[in-house]
Amino acid sequence: MPLTARDGAVVHSGWAGLWARISADYTLGVLVLGVLVAVVWLLPFAVYRAWQGNWVAMGNDLVLSVLLSGAAGYAWRTGDTRGPGWVVALAIVGGIWAIGLAARFAALFWTYPGVLMLFFLVPPLPAVLLGVVAVGGAASLSWQELGGTEGLPFFVFTAMLTALLGYVVAQQAQRHITGWRALSLLDALTGVGNRRLLELELAQAAAKGQSLGVLAVLDLDHFKAINDRLGHDGGDAVLRGFAAVAQAVLRKTDRLYRLGGEEFVLWLPHGQRQTTEVLLQRLRAAVAAQLRTGDEQPVTFSVGVAEHACGEPWPACLARADAALYRAKRAGRDRIEWTATEPRQPARA
């Protein structure tokens, strides 16, 4: 049964939640599932080695199991796969060498999945270098089992072929996932950031404990009337036009998001009251000069603005800006209204 977190997000429990999280992050999935398979395989062998009296091999299996489990557990708890990825990658290479020293030919079988996993855990160049070290260790320590120089070329070729496959698959997956993430954070109609990107970026900036600058909520005036006259295609054209004009006026550090409908949020990280006034007036002039509806009617917008205070929750600042927007609309629209409430006291919209 799904659970609801404090922020309103839905958190699934049980196997459904496990699979959903692994599916959402392929690096985490490769790391956790690969480690799970390795540990499930290694632990019985540790018992078998102990029963045989091969304490070196048993110790190797136990150390690898603990190291891999710890890295995977940390990645699962924190969502950080970079550090654990390096730990697991180095453990794979070190494990192949240790297995080669303790059990000789067994290292050959671990080389193929190990080399394949490297490209999902670390960047391509380190993965290649670690793969060479792993293959070299397995080949040198299992020289006799390979049949000397007779079997060496076949082993090296098949191991490098596995590495090439891992590289191609990992790079393709990374490109596709990067593209999907970018699309999931952009508004499909206007190309500016969406609500999800707004929440992510403001939360990351607020975690630093510094002022976020200025937040402004913009609303296109009488947009319902535009939709009624021109249909949704005409309204969509106005939204796209507004986003294009705004992005041409804004500075590189300024961020524009679409909340939905005709409402946008402007985040000025380095904004102050005077510079924000100048920027918003320039935006109003640009929209008035460049943007028309399909029946040549002018387009205007109303703005509510709030300055963020250090330590203030960013949703509270956004709520104050939203309240100022409603005052601007009640005062006749096509105007800029600054918040009249003090920071840390969110206004009621």
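Before moving on, here are some points about what is shown:
- Filtering L141, L125, L116 for residues that are buried (at least 16 other Cβ atoms within 10 Å of the Cβ) and under 27 Å from R175 (Cβ atoms) leaves a single hit, L116.
Matching residues to (1) under 28 Å from the mean Cα position of the chain (by Cα); (2) acidic (D, E); (3) farther than 17 Å from A237 by Cβ:
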position	(1), (2), (3)
L259	yes, no, yes
T275	no, no, yes
V278	no, no, yes
R292	no, no, no
P298	no, no, no
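- Residue in region 311-321 that is farther than 16 Å from D219 by Cβ and over 27 Å from the mean Cα position of the chain (by Cα) present: no
- Condition met for F264 (in contact with a strand residue (DSSP E or B) (Cβ under 9 Å, 6 or more places away or on another chain), over 27 Å from G311 (Cβ atoms) and among the hydrophobic types (A, V, I, L, M, F, W, C)): no
- Exactly one residue among L118, L164 is outside any loop (DSSP other than H, G, I, E, B), at pLDDT 85 or above and out of contact with any Gly (no Cβ under 7 Å at 6 or more places or on another chain), and that residue is L164.
- A count restricted to region 62-115 and to residues that are part of a helix (DSSP H, G or I), of a type in the set (S, T, Y) and touching a residue at least 12 places away in the same chain (Cβ under 8 Å) stands at 4.
- One residue stands out among those in region 204-243 that are surrounded by 15 or more Cβ atoms within 10 Å (Cβ to Cβ), in a helix (DSSP H, G or I) and aliphatic (A, V, I, L, M): the one that is farthest from the chain's Cα centre (by Cα), which is L230.
The values are calculated or read from the model by the stated rules, or taken from the named source; none is laboratory data. Computed from a prediction, not measured in an experiment: that's the story for all the values here. For neighbour counting, all protein chains shown are included, and Cβ atoms are generated from backbone atoms with ideal geometry for every residue, glycine included.
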